[in-house]
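Just below is one structure, and these are the notes that go with it.
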Amino acid sequence: MSQQIDQLVAEYKNTGSLKGLPSKLYIDGNWSDAHNGQTMDTLDPSSGKVFASFSAAQKKDVDLAVEAASSAFHNVWKLTKASRRGEILSRAADLLEQQADRFCVVEALDSGKPLAEAQGDIASSVSALRYYAGCADKIQGDSFPLGEGNYSFSTLEAVGVTAHIIPWNYPLATTIRGVAPALAAGCTAVVKPAEQTPLTALMLAEVLRSAGLPDGVYNVVNGTGAEAGSALVNHPKVQHVTFTGSVDTGVLVMQAAARNITSVTLELGGKSPIVALADCDIEKTAEGVLWAIFYNAGQICSAGSRLVVSREIHRQLVDKIVEKAAALKPGHSLDNPNFGAINSKAQLDKIAGFIDRARARGIKVACGGNKMHSAETADGWFFEPTIMDDVPMDDELVQEEIFGPVLSVQVVDSLEQAIEAANCTQFALAAGIYTQNISSAMQLSRAIDAGQITVNDYWAGGIEVPFGGNRRSGIGREKGLQALRSYCATKSITLAF
Ligand code: ADP
C-alpha cells in the first residue's frame, strides 16, 4: 500500500474518522444542507461504529436537484460539443486516478471491503470514465434508403435528466457505471447513493467539478430510499432511471417510472450458477468458485452463489474449495484482509437466518455457517465463508438470493441435468462454466438463460462487455456501447426533394 494510504489508515485508527469527508448534498454545483437540516450517520461495517454523518435529502431537496439537472441539460450540457464532453470525462478519469488512494480508503471504510478490493473498484471506475470519454463523440445515427426523392437519417439525442439509484456493495463503481455513459451521451444526472455508503459519490462531485463539468450536470442527493429515492424516481422531469438493487425495490421503481412513462434500466438480484463438469481443471475451478462467491463477502448481484457440479468430481471439488475457504482471514477493511465484512447488521442477520433455517431442514454445512466473533472481527459484522452441500433444487438456498458468503452446491449426473439445475431459479443474471471441452462449453452457453456467461474464468470481463440480466434479474444492459443507448432517443429526419 502507498504512503498516503498508510497515513489515512493511521489517521482513522487514531481519531475514528477522516478529516475532510464530504457531508452535504451536492446540487447545482453547490454544497448544501437538507432544507430541514436532517442528517444520517454512516457506519464502519468492520467495527460497527459511526465514523461520519451526512445530510439526508427530502422531496424538496430532490426537486431542487432535478430542476438544476433539467436546466443544465437544456441550457448547457446538451449544447456542449460531444468532443468537449469527452475531454471533461477523460480529465475526470485522470483526476480520479490521481486521488485513487483517498477514494480507496473511504470506499473500504464505508463498505467494509478490504483495501485491495476497493483499489480494484477505483481502478475499474477510472476505466469506465476513460471508456465513455472515448465514446462521447462516436454516438452516431443511421441513414435509411427511401430511394429517389427522399433523404432520411437518424440522430441519437440525449434523453434529458437521468436518475441513478445506487446500492451499497459497489458505491463508486456503480455510480460511474451509470453516470459516465449518461454524461457522455449528453444527459445530466441526479444520483441517490445507498444510505449505508454515501461518501464516494459525493467525492466524485469534486473530481467532476475540477475536470470542468458545468454546474447542475451531476448532482448527489443522499438520503433514505423511501424519501429521497422515491421522490427521485417519481419525478416527472426524470427521463430515465438506472437502478441497481433488490427485486422488491426494483418493482417499486418500475411502477413509479411507469406513471411518468420513464424508461428504466434495472440491475436486480441474481442466483448465478457455476457449472463444473467432470473434465474441468479442479484447481482452477476451485480457485474460480472461491472468489466467485467470497469476493466482497458474496455481496455482489452477479456472485457465483450456486455450484452445479458433476457427481464424479463433487467430493474432490467441494473439499478443495473448503480447504481454500479455510485460508480466508477476516479483518478490518483497512488492515486489508482477504475476506471483508458484511455491510450492515441487518444484512448479517438476514444471512444468518438463511443458514439457521437450512440447518433446521437438515441441509449439510460443508464449512462455515456462523457469524464471526474474534479479535480480528471485534464488533464488526462478519459471516464465515459458508458452503452448503448437496442442496435440493427447490430449497430456498437454491432459489433465493442471500447476498452474502454462502455457496449452495447442487449435484448433477448429466449435461441435461446441469442445464436444468442452472436454469432452475427465477433469476438469470450471470453464469460460469468450467470445462476443458469446448463443445460442452458452447452447449451450456447456448442453453443457460443469463445476461453474461464466462468460461473458465468467472470474473472475466470489463467495462467493454454489456452487463445485465433477464427475467427477475432485470431489464436493459449497462456497460459497453449498449449502455449509451439507454441514455439516447432515436430521432429520424426525412426530407423530400
Ligand atoms: P437493500 O434492501 O439491499 O438495501 P434496496 O434495493 O432497497 O436494497 O436499495 C438499493 C437502493 O435503492 C438504495 O439506494 C435505496 O436507498 C434505494 N431505494 C430503496 N427504496 C426505494 C424506493 N422506494 N424508491 C427509490 N429508491 C429506493
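The values are calculated or read from the model by the stated rules, or taken from the named source; none is laboratory data. Nothing here was measured: the structure is a model prediction, and the numbers come from that model. Positions of Cβ are backbone-derived with ideal geometry, glycine not excepted, and every protein chain shown enters the neighbour counts. Ligands, DNA and RNA are excluded from the accessible area calculation, which covers all protein heavy atoms including side chains. Shrake-Rupley method; radii C 1.70, N 1.55, O 1.52, S 1.80 Å.
For a 23 Å ceiling on Cα separation, which of these pairs sit above it: 320/364; 60/350; 320/479; 24/78; 59/271; 284/324?
60/350; 320/479; 24/78; 59/271
By DSSP, what percent of the beta bridges with both residues in region 273-462 are antiparallel, rounded to the nearest 5?
Of all bridge pairs located within region 273-462, approximately 15 percent are antiparallel.
Using a simple spin-label model with points 7 Å from Cα along the Cα→Cβ vector, what separation in nm is obtained for residue 281 and residue 426?
That separation, rounded to one decimal, is 3.8 nm.
Run lengths n ≥ 4 of DSSP H only: what is the helix-derived mean residue ellipticity at 222 nm for the chain, with -39500 (n - 2.57) per run over all residues, to the nearest 500? Could the numbers behind the result be given before it?
Details: 16 runs with 198 residues, N = 497.
Computed mean residue ellipticity for the chain: -12500 deg cm²/dmol.
State the percentage of accessible surface on the chain attributable to carbon and sulfur atoms; use a 1.4 Å probe and exclude ligands, DNA and RNA.
Here it works out to 52 percent.
Cross-link partners among aspartates and glutamates for residue 192, C-alpha distance below 12 Å, same-chain residues fewer than 8 apart left out?
61, 227
In the chain, what is the volume of the convex hull around the alpha carbon atoms, normalised per residue and reported in Å³?
Numbers: hull volume 73.9 nm³, N = 497.
Convex hull volume per residue, Cα atoms: 149 Å³.
Please list, or write none, the lysines whose alpha carbon is within less than 16 Å of the alpha carbon of residue 13, excluding same-chain residues fewer than 8 places away.
Partners found: 49.
When only C-alpha pairs under 8 Å and at least 6 residues apart count, what is the relative contact order of the chain, in percent?
Numbers: 1162 pairs, mean separation 89.8, N = 497.
Relative contact order of the chain: 18 percent.
Considering the options 166, 494, 453, tell which one lies farthest towards the positive end of the dipole of the chain, charges being +1 on Lys and Arg and -1 on Asp and Glu at the Cβ, about the Cα centre.
Among 166, 494, 453, the one farthest towards the positive end of the dipole of the chain is 494.
Between residue 356 and residue 38, what is the FRET efficiency for a Förster distance of 41 Å, r being their Cβ-Cβ separation, to the nearest 0.05?
Given R0 = 41 Å and the Cβ-Cβ separation, E is 0.70.
Over the chain, average the accessible area per residue using a 1.4 Å probe and give it in Å², no decimals.
With the other protein chains kept in place, the chain gives 39 Å² per residue.
List the relative contact order of region 273-462 as a percent without decimals, with contacts defined as Cα pairs under 8 Å and 6+ residues apart.
Relative contact order for region 273-462 comes out at 28 percent.
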